[in-house]
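The values are calculated or read from the model by the stated rules, or taken from the named source; none is laboratory data. None of the values given here were measured: they were computed from a predicted structure. Here the Cβ positions follow ideal geometry from the backbone for every residue, glycine too, while neighbour counts run over all protein chains shown. Please note that ligands, DNA and RNA were not included when accessible areas were found on the heavy atoms of the full protein model with its side chains. Shrake-Rupley method; radii C 1.70, N 1.55, O 1.52, S 1.80 Å.
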Amino acid sequence: KAKGKGKGKGKAKAKAKAAAAAAAATDEAEENGDAPAPKAKAKAAAAPPADLSVFKKGFKLQAKADDGKFYPATVVKVGKPTKPDPILINYTGYTSASDEWMGFDKLKYTLPPKPPTVKETVKVAGGLLKRIEHTSKTLGGCTMLFSAFVPEGAADKKFPVVYWLSGLTCTDRNFAEKAGAFKLANSLGLVLVMPDTSPRGDEVPDEDPKEYDFGKGAGFYLNAKTEKYKKHYNMLDYVTKELPAIVEKMLPADISKAGIFGHSMGGHGAMSIALKNPGKYRSVSAFSPICNPTEAPWGKKAFPLYLGKDKKKWSEYDTVELLKKYEGPPIRFLVDQGTADSFESEDKKKKNQHQLRPEALLKACEEKGVALTLRMQEGYDHSYFFISTFVEDHLKYHAAFLTGVLRWCPDSLPSSTVYSSPVTPPTTVGQDIECLAAVAFEPKKPLSLVQVTVGPPQKGEVRIKHTAVALCHTDAYTLGGLDPEGLFPCILGHEASGVVESIGEGVEGFQPGDHVIPCYQAYCGCCQFCKRPDINLCTSVRAYTGKGIMAGDGKPRFTYQGQPIYHFMGTSSFAEYSVLHAESLAKVRKDAPLEKCCLLGCGISTGWGAVWNTAQVQRGSTAAVFGLGAVGLSVLEALAKTGCSKIIAVDLLEDKLKMAREWGATHTVNPKELPEGTTVQSHIVQETGFGVDFSFDCTGNVEVMRQALECSARGWGTSVVIGVAAAGKEISTRPFQLVTGRKWMGTAFGGWKSKPQVPMLVDLYMQGDLKIDQYITHCMEFKEINEAFELLHKGECLRVVLKF
């Protein structure tokens, strides 16, 4: 075919024919209501691009013919870029005879998306801060940047990821440069990802004149619907779909364990995104979020421009409105709001008054029964000074739900509606109840299964119907006459679960039908012990529980044949019904299996807490565990989840040492197999250099407690006593062991603040981060309780669960 005009005319006719066919197809599609979106026009390039590597043989583009029109063509060869016409093209459908060298001014092409590229890497806080550039298909092909912090040790493992969404006018750099989050993120083992707040680039539309609260820098984390903005402003899909895919490819991040938080507009984004994607994010928090944007000036300005006039579409991006129809799995929010925040002023004369509306969020959560920790921080404003003050607490919160290592406690209890639902009160309210109980009439004797009377709850008390109870060595210890506080006759038992039957006068936070776990370590939230962040030794009812009576009238609620039966540890779970102080109950979610969660009332919770709360073991530490019953195994589980580099398990039984290796122990020691004259502590010191960073006694044997202390490292070693010793026993060691820097500590219920934190342990179990089922080796009927104690004494079980 001749080149030049002839070719141009032929091409023009072919193109006209194709255009007519396309128009006919489009008319038919429009009649069917499924017309395809118009294709984006290719961009002309007057100068050669910086990267010529895309112009490989076969690259498709459009070339300008002699008639001045552009036609489909393919690259045949690339010459030297210094040549006037460096690209040899072939018009589609023509022979090689029509190949032509052309300059970039006669070519139209669309460059393929750039693969994600690390543009910058900086070492900070032991980890690496990376800045990654990529072409975003979701945002209309614009070039995007996001920052990401990667903790040290990423060469051989993946870490959970937390996405930070910034506020109005911000980029991916604000949080990275101002928040001061990386040191703790490195310690907790969290990848932090910080995307931009909107699409960027000259081709991205905006309003004229440009204002700070709309357009670039103010994408509001939604998918735009209006014609002007829908191509580029799709930050919802970018954050939830495109960005995680790049993160998974480019970073050592486990995107299945993700949390999300943000500030102001980003706080709105974090909460609304979590509600729109139930179960996708395990943790959600915010600083000064725009809680109710459909009622806020910022939202009223942005939403019509992005979404149109239909307010129903606005509500799809409003946290308060989304909460009203949320039907996903249980969700929890942590929100910090400064009381001096200028954007939350109610002064109608101020331009930015009432933008944030935290009171609307609180009301919505209360009505829906969503767990919200809303902290009004006195005197703080809207700035990064505020964020940097509390960001570490937010990271601990996220780490708890992403790693299963719970080191965070809410400042207050959630609304009474959380985990509650209306039920019909039972007919037994206000009446005595006759029920089966296992009574310890005297020490060192089997329990007696008898019918006892359980009185109604008085002021500040709750009566519950037990679902299941597990046996603990503390019960056996008291029954064996070894407890100096042991009172007889009594009803033992403290590791249980049940359902609220009725409540006494003045009780708040509970109603009939609530699922609960009795907690021998009470929590009032008001005493000086509860107010201290790391102490759980509540004094509110301790004077009464130690005497086996109730605070209301100084008497027990149990009687047998008219004679009082003492309570035990404030719980008394070896009975179908029991009455407890409201301070001794933790309300939990109703979808959690009570026959499993009963174990959280004592033993395994104590082991986890001894590691995370009392000792505060950090990633990379070394540790030794003495005694491998249920508590010892829970210590092993906690150490393994923390990421200890060496875990030494010590026990006299080989089958327990074998189990320890399955539960995370890296080394095992049987003292009976050590050479004569070699002590356990000297062996461990020799194997580790100077001893372990942390050691734990789970035996209750005072000699073993000494071994545990003396195998810890001089200068910094910490040893934690968990096991309860018999009455009259004392611990001893040479003072030099403590003079040289070792710490000897004890723990009660693992340091957990029962009412606020036990429900969180249930959450972690329900999402698969904590074991419970594996500790249960036997399930029996309650009437078989004495046979169950025989299994416990013989060491043939971890935990026996008795069902009522």
Inset, instruction - Give the carbon-plus-sulfur fraction of the accessible surface of the chain in %, rounded to a whole number; probe 1.4 Å, heavy atoms of protein chains only. - result: 52 percent
Inset, instruction - Could you please state, rounded to a whole Å, how far the C-alpha centre of segment 104-144 is from the C-alpha centre of segment 172-218? - result: 15 Å
Legend entry - For segment 755-804, convex hull volume per residue from C-alpha positions, Å³: 102 Å³
Inset, instruction - Just need the Rg to Rh number for segment 569-641, please, alpha carbons only, Kirkwood Rh. - result: 1.05
Inset, instruction - Might you tell me the accessible area per residue for the chain, computed with a 1.4 Å probe and given in Å²? - result: 44 Å²
Inset, instruction - With no solvent and one equal point scatterer per Cα, compute the Debye intensity ratio I(q)/I(0) for the chain at 0.06, 0.09, 0.10 Å⁻¹ and report its log10, rounded to two decimals. - result: -0.51, -0.94, -1.07
Inset, instruction - Just name one of Pro735, Ala302, Cys519: the one whose Cα is farthest towards the positive end of the charge dipole of the chain (beta-carbon charges, Lys/Arg +1, Asp/Glu -1). - result: Ala302
Legend entry - 19 Å Cα-Cα reach of Lys444 towards aspartates and glutamates, excluding residues that sit fewer than 8 places from it in its own chain: Asp475, Asp483, Glu485, Glu784, Glu787, Glu790
Inset, instruction - Pick out, from Gln686, Tyr163, Ser412, the residue whose Cα sits farthest towards the positive end of the charge dipole of the chain, with +1 on the Cβ of Lys and Arg and -1 on the Cβ of Asp and Glu. - result: Tyr163
Legend entry - Over the chain, relative contact order from alpha-carbon pairs under 8 Å, at least 6 apart, %: 7 percent
Inset, instruction - Tell me, rounded to the nearest percent, the portion of alpha carbon pairs in segment 683-804 spaced more than 23 Å apart. - result: 53 percent
Legend entry - Shape box of segment 356-489 [Cα atoms, principal axes, largest first, Å]: 66, 39, 27
Inset, instruction - Rounding to the nearest 20 debye, state how big the charge dipole of segment 498-546 is about its Cα centre with +1 on each Lys and Arg Cβ and -1 on each Asp and Glu Cβ. - result: 320 debye
Inset, instruction - For segment 74-175, just list the percent of Cα-Cα distances falling in each 5 Å bin from zero outward, please. - result: 2, 9, 13, 14, 11, 11, 9, 6, 8, 9, 5, 2, 0
Inset, instruction - Could you check what % of the DSSP bridge pairs in the chain are antiparallel, to the nearest 5? - result: 60 percent
Inset, instruction - First measure r as the distance between the Cβ atoms of Ser416 and His793, then evaluate 1/(1 + (r/R0)^6) with R0 = 35 Å and state the FRET efficiency to the nearest 0.05. - result: 0.25
Inset, instruction - In whole angstrom, note down how far apart the Cα centers of segment 402-427 and segment 538-573 are. - result: 26 Å
Inset, instruction - Could you tell me how many degrees, from 0 to 90 and to the nearest 10, lie between the Cα long axis of helix 785-794 and the main elongation axis, the longest principal axis, of the Cα atoms of the chain? - result: 80 degrees
Inset, instruction - Convert 10 °C to kelvin, take the viscosity as 1.306 mPa s, use the Kirkwood radius over C-alpha pairs of segment 630-679 as Rh, and evaluate the Stokes-Einstein diffusion coefficient in µm²/s, rounded to a whole number. - result: 141 µm²/s
Legend entry - Selected from Pro484, Pro457, His494, residue furthest toward positive end of dipole (segment 430-539; charges at beta carbon): Pro484
Inset, instruction - For every helix of n ≥ 4 consecutive DSSP H residues, a contribution of -39,500 (n - 2.57) applies; sum these over the chain, divide by its total residues, and give [θ] at 222 nm rounded to the nearest 500 deg cm²/dmol. - result: -7500 deg cm²/dmol
Inset, instruction - Treat segment 435-590 as a sphere of radius equal to its Kirkwood radius over Cα pairs and apply Stokes-Einstein at 4 °C in a medium of 1.567 mPa s; give the translational diffusion coefficient in µm²/s, rounded to a whole number. - result: 84 µm²/s
Inset, instruction - Would you mind classifying segment 262-344 by shape? Square roots of the alpha carbon gyration tensor eigenvalues, ordered a ≥ b ≥ c; an a/c under 1.5 is rounded, otherwise it is prolate if a/b is larger than b/c and oblate if not. - result: oblate
